[in-house]
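Beneath this line is the structure, given in structure tokens, with notes to follow.
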Amino acid sequence: MYEITLEKPQDLAAIDHLLEISFGEERFRKTAYAIRQNSTPIPELCLVARDDSGLLATIQYWKLIIGADAEAILLGPIAVRPEDKGKGIGI
């Protein structure tokens with residue numbers, strides 16, 4: 001069984017590793033990474049799933065400003081540990 005909790009600062013290294021094994025180095029070339037460059041994640045919307053073996057999945061939301069003052073939220077990245085994909089984590 002797994003538990004979904006808010007992301008914690010000590011999760012960042014495991015999240016980065018999960019994103020690396022899920023998407024590889026090419027992820028840094030995606031438009032979403034460029035958009036997030038000058039924004040900050042919304043802590044109360046950034047979640048992780050974990051079990052006794054460690055981090056299984058992550059989802060993050062980012063606050064964006066579009067134009068001069070239009071606010072928006074960007075979803076992603078979303079990642080599930082490759083060996084756990086298709087098991088219903090997060091449903």
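The values are calculated or read from the model by the stated rules, or taken from the named source; none is laboratory data. Since the model is a prediction, treat every value here as computed from it, not as a measurement. Quick reminder, even Gly has a Cβ in these numbers, built from the backbone with ideal geometry, and neighbours come from all protein chains shown. Keep in mind that these areas ignore ligands, DNA and RNA; they rest on the heavy atoms of the full protein, side chains included. Shrake-Rupley method; radii C 1.70, N 1.55, O 1.52, S 1.80 Å.
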Fill in: Cut-off 14 Å between beta-carbons: net charge of the residues surrounding I78, Lys and Arg +1, Asp and Glu -1
+3
Item to complete: With θ set to phi - 60°, apply the Karplus curve 6.51 cos²θ - 1.76 cosθ + 1.60 along segment 43-56 and write out the HN-Hα couplings as whole Hz, x wherever there is a Gly or Pro.
Response: x, 6, 10, 9, 10, 10, 10, 9, 9, 4, 7, x, 6, 9
Worksheet, complete the sentence: For the chain, longest principal axis from Cα atoms; helix 12-23 axis from its Cα atoms; angle between them, nearest 10 degrees, is 90 degrees
Discussion item. Sort 27-34, 41-48 by packing, meaning the average of other beta carbons within 10 Å per residue, with the highest value first.
Written reply: 41-48, 27-34
Item to complete: Using Cα pairs closer than 8 Å and at least 6 residues apart in sequence, work out the relative contact order for the chain, in percent.
Response: 30 percent
Discussion item. Testing the spin-label approximation: label points 7 Å from Cα along Cα→Cβ at I73 and Y61. State their distance in nm.
Written reply: 0.1 nm
Worksheet entry | For L6, net neighbour charge (Lys/Arg +1, Asp/Glu -1) across residues whose Cβ lies under 15 Å away | -2
Fill in: For the chain, accessible area per residue (1.4 Å probe, heavy atoms of protein chains only), Å²
68 Å²
